[in-house]
Each structure stands twice: as C-alpha cells, then as structure tokens.
C-alpha cells in the first residue's frame with residue numbers, strides 16, 4: 001500500500017476532482033473542524049493546483065461550541081448571526097462549490113440540555129433556508145467527506161489506544177472511499193456506473209409503492225409520488241457539472257409521497273444528531289405523519305428533531321443500500337451519518353430533494369408540495385437496513401416485484 005502521505009494526497013485530490021469537480025476560476029468553500037486543519041490545507045493546495053480562483057475556509061470548533069451550550073445566556077440559542085448567513089449565500093450566488101468535512105465527536109454534547117441544541121439548530125436552519133435549498137436542488141456543487149479525529153476514532157474503536165484508533169479509522173476510510181486503489185478516480189467511475197444500473201431499473205419500473213419488512217419490526221408501506229425519480233452516484237448542477245455529494249456513497253434514493261407512508265419503522269443503527277446519540281428507536285406513521293415514536297436512548301433529542309416544524313413530522317427521502325456493501329461488510333458502526341447511512345437502507349425525516357421529481361428544480365415550494373414532496377427546515381437521515389430486509393415494489397398495475405431480498409438487491 002502507498003505510504004500515508006501519498007494516500008492523503010490521493011484522498012484530497014479525489015475530494016476536489018471527483019467529489020466537488022472544481023472548475024477553473026471557481027471558488028471553493030470548505031467547512032472544516034479545526035482538528036482537521038492539516039488535511040484541509042492539503043485540500044486547499046490541491047484545489048488551487050486544479051484551477052480554483054480562491055479557497056475560503058470556515059473553521060468550526062465543537063469543543064468551544066460545547067462551552068457555549070453549557071455557559072452562554074439562554075436567549076443566544078434563538079439567534080443565528082446575519083453575517084454567517086450572508087457569507088454562505090454570498091459565495092453560493094457567486095457559483096462557489098462547497099465541501100464539508102464531517103468528523104464530530106458522537107457524544108460530546110451528552111451533558112448539554114438538548115433543548116438548547118434544538119433551539120440553535122432551528123435558528124440555524126431558518127437562517128440558512130435559502131442556502132440549503134440551493135444545495136438540495138443542486139444549484140451549487142457540494143460534497144461531504146470525513147477524516148478521523150481523536151474523539152471520533154476512540155468512539156469507533158473503543159478498546160485500543162487513541163493512536164491506534166486513529167490509524168484503524170484512517171485504514172477503514174481509505175478502503176471505503178477507494179483511495180487504496182491505484183487509480184481512485186477510475187474506481188469511482190466504475191462504481192458510479194454500477195449505481196446507475198440500479199437507478200435505471202427503479203426508474204424504468206416506475207413503482208407506485210414500496211413495502212419494507214424485517215424481523216426487527218419494520219413493516220412500512222411507502223407510496224411514491226407521480227413523476228418521482230431515483231437518483232444515485234453522480235449528480236449534476238443546473239449548469240451540468242457532475243459532482244458526488246457524498247463520499248462514500250452506496251445509495252440510490254428518491255422521495256416518498258408526503259401523505260403516503262403508513263406503518264412502523266425500526267432503526268438499525270445509532271443516529272448521531274447534534275452531538276447526541278439516538279438509538280433503538282421506532283417511528284409509527286399514518287398518512288405520512290409520525291403519530292408515535294419511542295427511543296431507548298436519546299428520546300428527548302428525537303422529540304426535538306421531530307418537533308422542528310410541521311414538515312419534520314414527515315419523511316423526505318427513501319434510500320436503498322445493499323447490506324452486502326463495503327461499509328456494511330467492514331462490520332464497523334461509525335457513529336457518523338455519512339458512513340452509517342451508506343451501510344444501510346435509510347429514510348430522512350424532513351425536507352425532500354426537489355431533484356427527485358421530474359422538473360422539480362423548476363417548481364416553487366407550493367408546486368413541490370402539490371406534487372407530493374415534503375418541505376421542512378430539517379433533513380436528517382436514519383438507518384433501517386438489516387440482513388433480512390425485504391422490499392417489494394408495487395406497480396400501478398398491481399404487480400409485485402422483489403427489489404430487496406435478505407438485505408440485498410434481488411435483481
């Protein structure tokens with residue numbers, strides 16, 4: 001295997017060239033934890049070498065955020081500064097690309113009052129609504145990658161020294177994002193084509209509904225709206241620039257009909273939300289709406305998430321991921337949604353992606369709602385895939401097609 005420095009350079013290049021697909025004279029905005037500074041600087045260097053006009057870095061420090069949550073005046077959690085909102089929108093309107101490095105400590109905020117976190121999340125989501133809508137409708141290229149931090153690595157590999165935990169997590173990440181291959185860019189091209197085959201099959205069948213069932217207790221029927229589209233692998237900006245929003249990605253996804261979800265779904269992996277873990281939880285749906293929920297861990301955090309707004313009582317995404325996939329086969333629970341959602345079929349509470357509807361990117365909020373898409377400030381993925389998950393597709397003609405059997409694609 002290549003040495004660490006060579007692998008890091010390959011990873012930075014993959015994120016910039018394949019993830020973001022930086023264009024000549026384009027601005028790149030990077031959102032990075034301060035712990036990831038050396039890799040973020042490497043990203044910056046690669047981006048300039050690939051023709052970026054400017055690289056703007058927005059640093060975040062979750063330890064300082066925790067101090068604020070524990071000590072600050074209560075009213076501050078209902079405020080999100082205008083300058084931060086304007087900064088994001090300014091670069092978005094200039095056509096910038098946005099790269100996020102996701103590497104938070106999954107349990108850092110467990111002593112914090114979940115209501116404070118929920119209030120700040122809501123204030124932030126309200127302020128960044130226009131910005132998030134731009135990204136969710138692919139007006140700008142965007143991508144998310146992860147690198148190990150000490151706290152995250154120690155949570156994933158709890159039985160070893162911190163140094164060993166970091167090395168083990170690097171090793172897992174390099175393998176999963178195909179950086180260990182001689183030519184990672186070509187390996188991703190092959191992977192994109194495999195996802196496209198699944199996407200084309202689902203789109204050609206134009207299913208009316210999907211029935212999810214497993215032994216954990218999931219028994220859920222998800223209707224799909226007229227003119228829904230399945231998307232996976234590569235996506236395209238409104239200017240036609242290809243990018244990959246999640247690295248890694250193993251999913252093919254669409255949107256449920258807002259009022260067409262009925263039954264019970266049970267989580268299969270912990271959800272790291274706002275520095276708190278929600279685990280072993282169950283949601284009950286009637287006519288699309290969450291009418292009951294329970295959780296063994298993180299009940300209050302789940303409650304605040306569901307109560308973000310009216311739309312967060314509904315689903316906005318349905319995503320299919322085979323159980324027999326690189327992340328799942330690693331046997332590792334990452335406590336990081338970017339990785340765990342790509343090891344498992346999942347849903348998202350909240351906003352739907354307009355690109356999952358035919359001509360959805362040209363529709364107003366009202367038109368999207370009328371077409372069956374959910375609108376919300378929130379969009380939070382949670383994992384439901386298992387080794388015995390069955391998914392039946394139901395066509396408009398009443399025919400049933402086995403899509404997943406024993407957790408994997410059945411075709």
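Assorted remarks:
- Gyration tensor (alpha-carbon) shape descriptor, the range 1-90, a/c threshold 1.5: oblate
- A full extension of the chain between residue 362 and residue 189 corresponds to an added length of 59.4 nm, given 0.36 nm per residue minus the alpha carbon distance.
- Among 11, 236, 91, sorting on how many other beta-carbon atoms sit within 10 Å of each Cβ, with the fewest leading, yields 236, 91, 11.
- Averaging the Cα positions of each part gives two centres, and for the range 376-411 and the range 241-275 these lie 12 Å apart.
- Relative compactness, the range 171-215, computed as alpha-carbon Rg over 2.2 N^0.38 Å: 1.68
- Selected from 43, 190, 332 as most flexible by GNM, with the chain as the system and alpha-carbon contacts under 10 Å: 190
- Percent of C-alpha pairs per 10 Å bin, the chain, short to long: 5, 22, 34, 28, 10, 1
- Calculated [θ] (222 nm, deg cm²/dmol) that DSSP helices of n ≥ 4 give over the chain, each run adding -39,500 (n - 2.57): -9500 deg cm²/dmol
- As a rough footprinting exposure proxy, the listed residues 411, 131 were ranked by other beta carbons within 10 Å of their own, and the order from fewest upward is 411, 131.
- Shape call, the range 245-386: gyration tensor on alpha carbons, a/c limit 1.5: oblate
- 13 Å tail of the calculated P(r), the range 113-174, as % of Cα pairs: 72 percent
- Residues 199, 383, arranged from fewest to most other Cβ atoms within 10 angstrom of their Cβ, appear as 199, 383.
- Normalised by the number of residues in the chain, the mean separation of alpha-carbon contacts (under 8 Å, six or more apart) gives a relative contact order of 15 percent.
- Using a cutoff of 8 angstrom between alpha carbon atoms and counting only pairs six or more residues apart, the relative contact order for the range 4-176 works out to 25 percent.
- Legend: P(r) of the range 226-273 from all alpha carbon pair distances, 10 Å bins from 0, whole percents, reading 17, 35, 36, 11, 0.
- Model label zone, residue 6; criterion: amide N under 20 Å from point 7 Å along Cα-to-beta-carbon; scope the range 153-189: 167-168, 170-188
- Efficiency of FRET from Cβ geometry, residue 299 and residue 405, R₀ 35 Å, rounded to 0.05: 0.55
- Legend: calculated FRET efficiency, residue 397 to residue 180, from the Cβ-Cβ distance at R0 = 35 Å, rounded to 0.05, equals 0.15.
- The range 88-213 gives an Rg/Rh value of 1.04, both radii derived from C-alpha positions and Rh following Kirkwood.
- Among beta bridges identified by DSSP and lying wholly in the chain, the antiparallel ones come to about 75 percent.
- Cα shape, the range 4-176, gyration tensor, a/c 1.5 rule: oblate
Readers should treat all values here as calculations from the given coordinates under stated rules, not as data from a laboratory. The model shown is predicted, which means the values in this text are computed figures rather than measured ones. Here Cβ is always computed from backbone atoms with ideal geometry, including for glycine, and neighbour counts include all displayed protein chains.
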